[in-house]
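Data first, discussion second: the structure below is written as structure tokens.
A short reminder: the numbers here are calculations on the coordinates, not readings from a lab. A quick note: this is a predicted structure, and the numbers were derived from the prediction, not measured. Counting neighbours? That spans all protein chains shown, and the Cβs are built from the backbone with ideal geometry, glycine included.
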Amino acid sequence: MNTIIEPFRIKTVEPIRMTSVAERENILCDAGYNLFSIASRDVLIDLLTDSGTGAMSTKQWAAIMQGDESYAGSPSFKRFEAAVQNLFPFTHIIPTHQGRAAEAILFSIMGGAGRHIPSNTHFDTTRGNVEATGAEAHDLVIEEGKDPQNQHPFKGNMDVNRLDEFLLEYKGKVPCVMLTVTNNAGGGQPVSLENIRATRAIAKKHGLPFIIDACRFAENAWFIKLREPGQQDRSITDIVRDMFEGADGMTMSAKKDAFANIGGWLALNDSELAEKARTRLILTEGFPTYGGLAGRDLEAIAQGLAEIVDEDYLRYRVAVNEYIGRRLEDMDVPIVKPVGGHAVFIDARAFLPHIEPLHYPGQSLACEMYRVSGVRACEIGTVMFGRKPDGSEHPAAMDLVRLAIPRRTYTQSHADYMLERIADIARNKDKLRGMRITWEPPAMRHFTAKFEMMAD
Ligand code: F0G
């Protein structure tokens, strides 16, 4: 096995504050066992999200100094627009402060009561923005995508036959077809070029716009290059252009595959729709040449887009996850397979079968990881999805713990340290206890709920 090195050297460092197990026990208790309530200075390795947490390059920091902060007509917008259009050939590029702002603008135009919006799997904020308009969000991912052990190479694929039936069933009530690449909610799983084209063809057959949620487009393109027949000799840029060919729009969070700490955009071809979107943008984000961003942010994104398609980076990016996944499997810690582009997901329900889903095995494992190692991960399971709008509580489809890997931020010894501590947990896993919620808000409880450990 050849070692794949981090394809960068480190010029600026951000010290990590070391904490002891005893300190972290107190911190956990004070936080009501909710990892979102812990201050980042109390975290050793933060794997809560890969969003906006990456390290910028020397060229990005240099580009920031070129930021032109004019209200209208900034050249930074022109550089941003050119960098976006170089990869994604859309007519109208509308900057927003992050991905969810692009979603909110899109669905303020396309959503509304009685409408239905299909995707492979909507990310939480996309679903939230669809539902906030009174519309309904539907997930039509292939069956293989729902099975954590299935090794299908493109588990993010849309079930195109179901999509076709769905569009007949809801004829006249569907404003667009969406597709998320990679499929974050399904484990960071990619969508094949063939499936992107098939989804687009079905949308066209029904006369509907096809819109891609493109947050992790470069990771998706890398998986296409690795796994899809005939794609091995092609450049990532060419694959990305093919992925977006014939699409009618995209929503994007620049906090992922644009190497920025903030930013996003909505891209559209239809001029009438774009006009409506810009009107909304001025009300909620800002003037169309800066959206919700500073000129310097637009510069960082433009440079980030030039760097994200680098194959040495993408090879390393996916190798990190594969390495963590392989070592977890070697210690019999069950994971979602194959590992995704931006994260490794531990199957906490399978790992801790003695903890019932309604006692939150994912939360219990995430808290134990923080206690023994100072690593902050994120429960994606019954805490996040278990409470229904009618007040009832049900186990989520899966109880996972997501280890989301920030871009270019940690090194292999950070991963090794975390894996050693997980090995300690695995040896004593029968001692982990379930949890109970002592307080929760009416919605989105995972951000603020308070927990306690159950007695032995
Ligand atoms: N779409 C997908 C697939 C996402 O993963 C996210 C964010 C968004 C849209 C929204 O973008 O955060 O810029 O508003 N995902 C982050 C995560 C928060 O941790 O997975 P945003």
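Taking a point 7 Å from the Cα of residue 86 along the Cα-to-Cβ direction, the residues of the range 203-221 with backbone N closer than 20 Å to it are 214-221.
Rounded to the nearest 0.05, what FRET efficiency do residue 2 and residue 30 give with R0 = 41 Å and r taken as the Cβ-Cβ distance? Could you check?
0.35
Working note: Cα atoms of the range 58-307, range along each principal axis, descending, whole Å: 49, 44, 28. As a rough footprinting exposure proxy, the listed residues 12, 180, 448, 251 were ranked by other beta carbons within 10 Å of their own, and the order from fewest upward is 12, 448, 180, 251. What translational diffusion coefficient, to the nearest whole µm²/s, does the range 408-456 have by Stokes-Einstein, given a Kirkwood radius computed over alpha-carbon pairs, a temperature of 37 °C and 0.692 mPa s viscosity? Value of D from the Cα-based Kirkwood radius: 239 µm²/s. Counting only residues at least eight positions apart within a chain, or on another chain, the lysines with an alpha carbon under 26 Å from that of residue 59 are 11, 78, 255, 256. Note on the range 58-307: antiparallel DSSP beta bridges, both residues inside, total approximately 50 percent of the bridges counted. Per-residue Karplus couplings for the range 66-81, computed as 6.51 cos²θ - 1.76 cosθ + 1.60 with θ equal to phi - 60°, are listed in order as 8, x, 9, 9, 4, 5, 10, x, 5, x, 4, 5, 4, 5, 4, 4 Hz, Gly and Pro entered as x. Averaging Cα coordinates gives a centre for the range 349-423 and one for the range 1-26; these two points are 20 Å apart. Between residue 358 and residue 173, the distance separating the two model label sites (each 7 Å from Cα on the Cα→Cβ line) works out to 3.2 nm.
Near residue 5, once Lys and Arg are set to +1 and Asp and Glu to -1 for all other residues with Cβ below 11 Å from its Cβ, the sum equals 0. Each part reduced to its alpha carbon centroid, the range 108-123 and the range 75-93 end up 26 Å apart.
The slack in the chain from residue 424 to residue 284, taken as 0.36 nm per residue of separation less the alpha-carbon distance, amounts to 45.5 nm. If R0 equals 35 Å, the separation of the Cβ atoms of residue 330 and residue 69 corresponds to a calculated FRET efficiency of about 0.10.
Evaluating 6.51 cos²θ - 1.76 cosθ + 1.60 at θ = phi - 60° for every residue in the range 320-326, the Karplus couplings come out as 4, 5, 5, 4, 4, x, 5 Hz, glycine and proline recorded as x. Can you give the FRET efficiency for residue 18 and residue 411, using 1/(1 + (r/R0)^6), R0 = 22 Å, r = Cβ-Cβ distance, to the nearest 0.05? It comes to 0.85.
Our summary of shape: the Cα atoms of the range 111-179 have principal axis extents of 38, 26, 13 Å, ordered from largest down, in whole angstrom.
Extent of the chain along its three principal axes (Cα atoms, max minus min coordinate, largest first): 62, 54, 46 Å. Under the simplified labelling scheme, the residue 164-residue 431 pair shows an inter-label distance of 5.7 nm, with each label point 7 Å from Cα along Cα→Cβ.
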